[in-house]
Amino acid sequence: MKLLLLAALFCLTLSMTGKSVAAQEHSRANVVFETTLGELEIELFDDKAPLSAANFRQYVRDGFYDGLIFHRVIPGFVIQGGGMAPGMEQRPTRGPIKNEADNGLDNLRGTLSMARTGVVDSATSQFFINLTDNKALDHRGKSPNMYGYAVFGRVVRGMEVVDAIAAQPTTSKGFFQDVPAKDIVIQKAYEKE
């Protein structure tokens, strides 16, 4: 009888532990961007892209994105932000992170990926939102030109805002091309309660 009771208690403990782990998985807060064209809500893929998601969350918690602009808009491709203030003034960042493009996630419409230079592990704060399925940006191999761009989240609310951003007229400013003619500002970025 005692053995049955202990076995039942053990199974109950295991099932409760499983439930609390599952609850933890779902308790991770989404990120909200309040922009001059409306609000976006972003789900982060903490399990598949832990470094990229944690990096992005830390920038959000630090208030880094507040006041920055979407500085690159290419209709039918991507909108990019997370590094420039109005006037194309670059904001200083933390150091680069490891590229997680080999995590099995694809650059599909509505997903967020880390922007980077030609160096594989060079992403810091800048990100882009895919406006279409961009297969050419996916991980295809270990060489720098095939490594791809790490998907770490997706827009779960506000794709109409993303599309509105993509529809804005663009211009060139200094060395930068595809810059919205009128600033599209991230007024506030925060984790949803």
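Some points to look at:
- Matching residues, region 39-57, being surrounded by fewer than 14 Cβ atoms within 10 Å (Cβ to Cβ) and under 25 Å from GLU160 (Cα atoms): GLU39
- Only listed residue being within 15 Å of the chain's Cα centre (by Cα) and among the hydrophobic types (A, V, I, L, M, F, W, C), chosen from VAL156, VAL119, VAL73: VAL156
- Just one of the numbered conditions (1) outside any helix (DSSP H, G or I); (2) at pLDDT below 95 is not true of HIS71: (2).
- Residue match in region 64-71 (condition: more than 24 Å from PHE176 (Cβ to Cβ), surrounded by fewer than 19 Cβ atoms within 10 Å (Cβ to Cβ) and not aliphatic (A, V, I, L, M)): no
- If you filter region 162-178 down to residues that are among the β-branched types (Val, Ile, Thr) and surrounded by fewer than 20 Cβ atoms within 10 Å (Cβ to Cβ), you find that the one that is farthest from the chain's Cα centre (by Cα) is THR171.
- For region 108-144, a residue qualifies if it is among the polar types (S, T, N, Q) and at pLDDT 95 or above, and the qualifying residues are THR111, SER113, THR117, SER122, THR124, SER125, GLN126, ASN130, THR132, ASN134.
- Residue ID - farthest from LEU51 (Cα to Cα), chosen from residues in region 83-137 that are small (Gly, Ala, Ser) and in contact with a helix residue (DSSP H, G or I) (Cβ under 9 Å, 6 or more places away or on another chain): GLY110
- Count of residues meeting criterion [outside any loop (DSSP other than H, G, I, E, B) and crowded, with 22+ Cβ neighbours inside 10 Å] in region 74-83: 3
- Strands (runs of 3 or more DSSP E) lying entirely in region 88-193 (those with 3 or more residues that are touching a Lys or Arg at 6+ places or on another chain (Cβ under 7 Å), of a type in the set (Phe, Trp, Tyr) and more than 28 Å from ARG61 (Cα to Cα)): none
- Test: residue in region 171-181 that is among the small types (Gly, Ala, Ser), modelled with pLDDT of 95 or more and either more than 17 Å from PHE45 (Cα to Cα) or touching a His at 6+ places or on another chain (Cβ under 8 Å) (or both): yes
- Unmet criterion (only one of (1) farther than 19 Å from GLY76 by Cα; (2) touching a residue at least 40 places away in the same chain (Cβ under 8 Å)) for VAL162: (1)
The values are calculated or read from the model by the stated rules, or taken from the named source; none is laboratory data. Bear in mind that the values here come from a model prediction, so they are computed numbers and not experimental data. Neighbour counts run over all protein chains shown; Cβ positions are idealised from the backbone, glycine included.
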